[in-house]
1. Exactly one condition in (1) in contact with an Asp or Glu (Cβ under 7 Å, 6 or more places away or on another chain); (2) modelled with pLDDT under 85; (3) of a type outside the set (Asp, Glu) is not met by GLY469; state its number.
2. Could you please find all residues in the stretch 452-468 being part of a helix (DSSP H, G or I) and crowded, with 22+ Cβ neighbours inside 10 Å?
3. Please specify each residue of the stretch 348-364 satisfying the condition of being surrounded by fewer than 17 Cβ atoms within 10 Å (Cβ to Cβ), without any contact (Cβ under 8 Å) to a residue 40 or more places away in the chain and hydrophobic (A, V, I, L, M, F, W, C).
4. Mind checking whether some residue in the stretch 361-371 is part of a helix (DSSP H, G or I), assigned by TED's automatic domain parsing to the domain that holds LEU476 and within 14 Å of ILE474 (Cβ to Cβ)?
5. Tell me which residues, restricted to the stretch 348-385, are under 23 Å from PRO403 (Cβ atoms) and among the acidic types (Asp, Glu).
6. In contact with a Lys or Arg (Cβ under 9 Å, 6 or more places away or on another chain), crowded, with 17+ Cβ neighbours inside 10 Å and touching a residue at least 24 places away in the same chain (Cβ under 8 Å): is that true of ALA319 in this structure?
7. Listed residues PHE48, PHE13, PHE29; which is part of a helix (DSSP H, G or I) and at pLDDT 80 or above?
8. Any idea which residue in the stretch 83-122 is surrounded by the fewest Cβ atoms within 10 Å (Cβ to Cβ), counting only those that are modelled with pLDDT of 80 or more and in a loop (DSSP other than H, G, I, E, B)?
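The values are calculated or read from the model by the stated rules, or taken from the named source; none is laboratory data. On a predicted model such as this, the values are computed, not experimentally measured, just so you know. Cβ atoms come from the backbone with ideal geometry, glycine included; neighbour counts cover every protein chain shown.
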Amino acid sequence: MIGIWSRSLTARFVAIMLLALAFSQGVSFLLSMDERGQALGKAAKAEFLSRSASVAQLLESTPPELRADILRASGTGYSRFWVTPGFPADAAAWREDARHRLAEPLPTVATLAAPGHARAAADDEISVAGISTQAGAAEAQALDSPAWVDMPAYAWPLSRPAKFLALDDANGMGLTVRLQDGSWLCSAFGKKIVNSIWTSQSLLSLGVTALVLSISAAFIARWMTRPMRRLAVAAEALGRGESVEPLPENGPDDIRQAAIAFNLMQARLQRFVEDRTRMLAAIGHDLRTPITSLRLRTEFVADDETRERMLATLDELRAMTEATLAFSREQAAEEPTRNVDLTALVESLCDDLVEIGHEVNFAEAPRIGYRCRADALRRAVRNLVENAVRYGEPARVAVHARPAGIEIVVEDDGPGIPADTMERVFAPFFRLENSRNRETGGIGLGLSIARNIVRHHGGDVTLANTGTGLRAVIALPHAAPGEGRDADSGEGRTRGEARARLAAWHGPRRPKPAAV
């Protein structure tokens with residue numbers, strides 16, 4: 001989960017949206033809980049008053065002998081009704097009596113039909129009257145007791161007055177109303193109101209809202225990050241030296257400005273490289289004339305030894321100029337990238353060197369599809385293999401697919417390179433005179449060209465002494481997803497097809513010389 005959070009902008013966007021939903025819903029629920037509780041309390045009070053009024057009217061319209069049965073039958077799991085001869089003077093005693101009555105279970109049908117039930121009810125009524133009433137002046141004084149509140153006319157459905165009393169419980173309430181015969185109907189209510197927001201409906205609604213919000217947030221995040229993904233792919237391709245089409249300069253201002261900046265950067269880089277390449281080509285071309293002039297003048301030098309040294313120096317200078325021109329021409333040529341079998345490409349190169357008499361051993365390796373500029377990468381590998389053949393034959397070549405990328409390893413049995421010159425040998429025209437000279441070696445551009453090509457592919461070339469020779473490693477990054485297939489057919493080619501294709505690029509192979 002932490003890895004997804006740190007890598008995925010979509011996951012962060014969805015999480016933030018869900019947190020915002022949870023916070024807003026929590027605040028909304030907290031604000032609405034009080035209102036909901038008040039609404040439920042008002043509804044319960046209205047039900048209680050309506051039921052009490054109905055019971056009062058029913059008692060007045062029925063014979064007195066049925067009063068006890070009506071009172072018991074009207075009771076519910078959260079309300080009780082009874083009649084007292086006079087007004088309940090002591091509010092505290094009345095509350096205690098009401099709590100006892102609400103705690104008692106309702107009588108069953110068999111209990112209501114049992115003989116003597118009416119008598120027990122009457123006795124109970126007389127007992128309650130004796131406990132809850134006072135005589136004469138005491139009753140008149142109790143009517144004005146602050147514990148009882150007069151019900152306003154708009155809140156009470158009957159025309160006669162009624163008294164309201166709140167019980168100790170937050171949801172409990174009591175009512176007493178005077179009947180036509182002078183007795184008082186007492187009503188007690190003690191229903192527990194459940195004010196919970198976590199109902200099945202609210203949970204389902206919250207879940208559906210979170211699901212819809214998550215899908216919408218994921219879609220929006222993917223839509224918003226699509227230009228950034230396109231920019232990342234284009235930047236990676238540009239870093240590997242590929243020619244990238246200009247990004248569309250549309251969308252929001254931030255995305256559009258990023259696309260404009262990338263397109264300007266690419267144009268400036270290409271213009272810079274082209275200017276440097278043209279300058280290098282011009283310098284190499286202009287050097288031909290003075291070199292030729294000096295060579296003609298050298299022919300008139302009388303001293304043979306001096307003339308030969310001067311001619312050798314001019315030949316070396318001419319070779320360096322020609323190499324510079326060749327290098328600039330290759331830099332100016334834009335080879336398109338394509339999908340190739342990298343293993344077959346390296347093996348084909350090794351076979352070509354074997355056919356011309358060099359001892360090169362290639363280690364068999366599985367097929368590795370790679371997107372690159374095949375001719376340029378082939379030249380980089382060839383420069384390393386030819387160096388290994390020239391100064392440490394035999395050369396051993398292998399291709400490995402590593403977790404961090406692809407490695408092309410070239411090893412030889414030569415004298416190696418001093419540790420303090422490992423990086424200097426990649427400088428243009430640098431040569432180690434102890435092991436490489438102008439007669440057997442080149443002019444010092446081979447390693448420089450190889451590293452330049454590999455770095456344009458996003459990789460690098462490193463050298464290391466093995467104790468018995470030199471190891472050169474070309475490290476290339478993995479190809480982007482979907483780049484391991486052939487660009488022409490869309491499917492991976494077999495090793496034989498790849499070799500045939502490479503042969504078509506570089507011409508027919510010469511027959512391998514017979515062993516002597």
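1. (2)
2. First, pick out the residues of the stretch 452-468 that are part of a helix (DSSP H, G or I): 452-456.
The answer is ILE453, VAL454.
3. ALA363
4. Filtering the stretch 361-371 for residues part of a helix (DSSP H, G or I) gives none.
Checking the stretch 361-371: not a single residue is part of a helix (DSSP H, G or I), assigned by TED's automatic domain parsing to the domain that holds LEU476 and within 14 Å of ILE474 (Cβ to Cβ).
5. Hit for the stretch 348-385 is GLU364, nothing else.
6. no
7. Details: PHE13 fails: at pLDDT 80 or above; PHE29 fails: at pLDDT 80 or above.
Of the residues listed, the single one that is part of a helix (DSSP H, G or I) and at pLDDT 80 or above is PHE48.
8. Taking the stretch 83-122 and keeping what is modelled with pLDDT of 80 or more, we get 83-88, 90-105.
Those left that are additionally in a loop (DSSP other than H, G, I, E, B): 85-88, 90, 104-105.
Values: PRO85: 16, GLY86: 18, PHE87: 23, PRO88: 28, ASP90: 17, GLU104: 10, PRO105: 7.
Checking each candidate, the answer is PRO105.
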